[in-house]
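What follows draws every value from the coordinates through simple rules; no lab data is involved. Every value quoted in this text rests on a predicted model; they were computed, and no experiment measured them. Note: ideal-geometry Cβ built from the backbone for every residue, glycine included; neighbour counts use all protein chains shown.
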Amino acid sequence: MNKMPPVKKCEVESCYFNNEQRCRAGAITVGSGEPRCETFAQSASHSRVDTQAEVGACHVTSCRYNDQMLCEAAGIDVVVHKDHADCETYEPRQS
Ligand code: SF4
């Protein structure tokens, strides 16, 4: 198995795991019907753990970087989308 890709940057500052636009979770899961960060946790306080999250699993099999629900991108960025967090690195597979 390849190394899990890092979450390089996360703009979702309303999330508990976000501190200085870095994700401080151990690993995140991306999924649902869109490339949504399922680890997002709305909070006014923030983790102080000095770590950089990785992508542990991704359910978005329509993405070109998805291989057997693992992410093969070099790294991902996460952005605000409406009221939640989305993987900005998502790219649809070429047909
Ligand atoms: S780049 Fe694609 S495979 Fe990787 S986490 Fe984002 S949506 Fe999932």
Cα-centred dipole magnitude for the chain, charges only on beta-carbon of K, R (+1) and D, E (-1), debye, nearest 20: 140 debye
Could you give me the ³J(HN,Hα) list for region 69-76, computed from phi with Karplus coefficients 6.51, -1.76, 1.60 and θ = phi - 60°, whole Hz, x at Gly and Pro? 6, 10, 8, 10, 5, 5, x, 10
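Report relative contact order for region 1-58 in percent, whole number only (criteria: Cα-Cα under 8 Å, sequence separation at least 6).
Values: 110 pairs, mean separation 24.4, N = 58.
That works out to 42 percent.
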Positive-pole candidate from Pro92, Phe17, Thr51, dipole of the chain, charges at beta carbon: Thr51
Can you list the HN-Hα couplings for region 24-36, worked out from phi with the Karplus curve (6.51, -1.76, 1.60; θ = phi - 60°), rounded to whole Hz and with x for Gly and Pro? 9, 6, x, 8, 10, 10, 10, x, 6, x, 9, x, 9
Non-local amide H neighbours of Cys10 (under 5 Å, H modeled in plane, Pro and chain starts lacking H): which ones? Arg22, Cys23, Val78
Can you tell me how region 7-87 classifies by the Cα gyration tensor, rounded, prolate or oblate, using a/c under 1.5 as the rounded cut? prolate
Filtering trypsin sites (Lys or Arg not before Pro) in region 13-95 by DSSP loop and by at most 11 other Cβ atoms within 10 Å leaves Arg48, Lys82, Arg93
